[in-house]
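The values are calculated or read from the model by the stated rules, or taken from the named source; none is laboratory data. Note that the structure is a prediction, hence the values are computed from the model and not measured. All Cβ positions, glycine included, derive from the backbone under ideal geometry; neighbour counts span all protein chains shown. Ligands, DNA and RNA are stripped out before the accessible areas are found, and what is left, the full protein with its side chains, is counted by its heavy atoms. Shrake-Rupley method; radii C 1.70, N 1.55, O 1.52, S 1.80 Å.
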Amino acid sequence: MARSALDEMSKSGAFMRTASTFRNLISKQPNSPFLPESGRYHLYISYACPWASRCLASLKIKGLEKAITFTSVKPIWGRTKETDEHMGWVFPASDTEEPEAHPDILNGAKSIRDLYELSSSNYTGKYTVPVLWDKKLKTIVNNESSDIIRMFNAEFNDIAENAALDLYPPHLRAEIDETNEWIYSGINNGVYKCGFARKQEPYEEAITQLYDALEKCENILAKQRYLCGDTLSEADIRLFVTLIRFDEVYAVHFKCNKKLLREYPNLFNYTKDIFQIPGMSSSVNMEHIKRHYYGSHPSINPFGIIPLGPDINFASPHDRDDKFSK
């Protein structure tokens, strides 16, 4: 049974991600046990994790920070229990131990694992972030990022400060779904298939798919501002969290070095464009990102040395306004 991403291996040496297990939905329907109420829900994240970061980014750009609180764990995995060797997401002991990471004041949990075990006494899966927690029922609502960003987009508009923003508009849903599918397979999960491969053949297969998908994105973004036309959508948020980590982590740590993000003019400027959307930059903590990847995978980086570069300034000017001005 996989307890972390490092356990998810096939016999061929390929990385095989297992599905999320808590899939309850917050809904305005009168019979829903999880109604969209201000102050009821809490999002547990790691700034390092792209899946959690896409949720935090959605929360921030929808203007839900007053309605939904959040806590980040420490960036580097630690022991989650004294009784076994599992390494995973842990909370700091105090607010001053780790910048931008905080203790769990809701449940007194020492690790994300504790939250899973509070929610289900016989849980046997992975202890992943994000975790969307219900303070009222004291349980995990959902741990699947794709569900959480949809809920943040649609179910809290009565209390969202940016309710007019629709990241999943009805007329684009089929295109967004199709785009999400190939970007997830080739890029979001593709970098992990490269990085966690334990044999040459699955690595080469994954890296071919990764760069085919990146080239496809580059060509799309040569013609339009966003992945699905002139409208920012959840597909852009989902791609962004991988791109922002690409040169800093994946190119080195996951051996995705055939071509850097900075060598793709459209993708690189697009990443800066998304980063500069109000609220997005505060969902990115590059120190947490780099310390996590280089410090939590000793089978890949046994000495835990963190590369100093490339230290990209994503707040620098881009060409997307001029290129696609209306």
Q: For residue 22, list long-range residues whose amide hydrogen, built 1.01 Å from N in the peptide plane, is under 5 Å from its own amide hydrogen.
A: 143
Q.
At a 10 angstrom cut-off on C-beta neighbours, averaged per residue, how do the peptides 295-304, 208-217 rank from highest to lowest?
A. 208-217, 295-304
Q) Among 90, 109, 34, which residue has its Cα positioned farthest towards the positive end of the charge dipole of segment 17-117, with +1 placed on the Cβ of Lys and Arg, -1 on the Cβ of Asp and Glu, and the dipole taken about the Cα centre? A) 34
(Q) Give me, ordered by chain and number, the residues 5 or more places off residue 72 or on other chains with an amide H under 5 Å from its own placed amide H. (A) 45, 102
**Q.** HN-Hα J in Hz across segment 190-198 - Karplus 6.51, -1.76, 1.60, θ = phi - 60°, x for Gly and Pro
**A.** x, 5, 5, 5, 6, x, 9, 4, 10
Q: Quick one: grab the alpha carbon gyration tensor of segment 138-216, order the square roots of its eigenvalues as a ≥ b ≥ c, and give me rounded if a/c is under 1.5, else prolate or oblate depending on whether a/b is larger than b/c.
A: oblate
Q: State the answer as a single residue: which of 163, 200, 240 lies farthest towards the positive end of the charge dipole of segment 110-246, with beta carbon charges of +1 for Lys and Arg and -1 for Asp and Glu, about the Cα centre.
A: 200
Q.
Under the rule of at least 5 residues apart or a separate chain, name every residue whose amide H is placed under 5 Å from the amide H of residue 111.
A. 91
Q: Identify which of 99, 36, 170 has the largest mean-square fluctuation in a Gaussian network model of the chain, with springs joining Cα atoms closer than 10 Å.
A: 170
**Q.** Within the accessible area of the chain (1.4 Å probe), percent carbon and sulfur
**A.** 52
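Looking at segment 183-287, I'd like the Rg to Rh ratio, where Rg is from alpha-carbon atoms and Rh is Kirkwood's inverse mean 1/r. Show your work: numbers first, answer last.
On the way: Rg = 13.5 Å, Rh = 14.0 Å.
Here Rg/Rh amounts to 0.96.
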Q | the chain: calculated mean residue ellipticity at 222 nm from DSSP helix runs of at least 4, using -39500 (n - 2.57) | A | -10000 deg cm²/dmol
Q | Cα-based equivalent ellipsoid of segment 54-173: semi-axis lengths in Å, sorted from largest, via gyration tensor | A | 29, 16, 13
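Equivalent ellipsoid semi-axes for segment 95-253, as square roots of 5 times the alpha carbon gyration tensor eigenvalues: give them largest first, rounded to whole Å.
Equivalent ellipsoid semi-axes, largest first: 31, 24, 15 Å.
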Q.
Is there a quick way to get the dipole size of the chain? I mean about its Cα centre, with the Cβ of Lys and Arg at +1 and of Asp and Glu at -1; what is the value in debye to the nearest 20?
A. 360
Q: Please report, to two decimal places, log10 I(q)/I(0) for the chain at q = 0.06 Å⁻¹ as given by the Debye formula with identical point scatterers on the Cα atoms and no solvent.
A: -0.20
(Q) Just to compare against my own numbers: the Cα pair-distance distribution for segment 221-271, 10 Å bins, whole % per bin, please. (A) 25, 51, 22, 1
Q. What share of all Cα pairs of segment 240-326, in percent, falls into each consecutive 5 Å distance bin?
A. 3, 13, 24, 22, 17, 11, 6, 3, 1, 0, 0
**Q.** Solvent-accessible heavy-atom area per residue, rounded to whole Å², over the chain at 1.4 Å
**A.** 44
**Q.** Residue pairs, from the table 110/272; 62/258; 126/193; 110/255, whose Cα atoms sit over 24 Å apart
**A.** 110/272; 62/258; 110/255
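Pull up the DSSP beta bridges for the chain and report the antiparallel fraction as a percent, rounded to 5.
Beta bridges within the chain, antiparallel portion: roughly 75 percent.
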**Q.** Centre separation in Å (Cα based) which lies between segment 303-325 and segment 212-266
**A.** 12
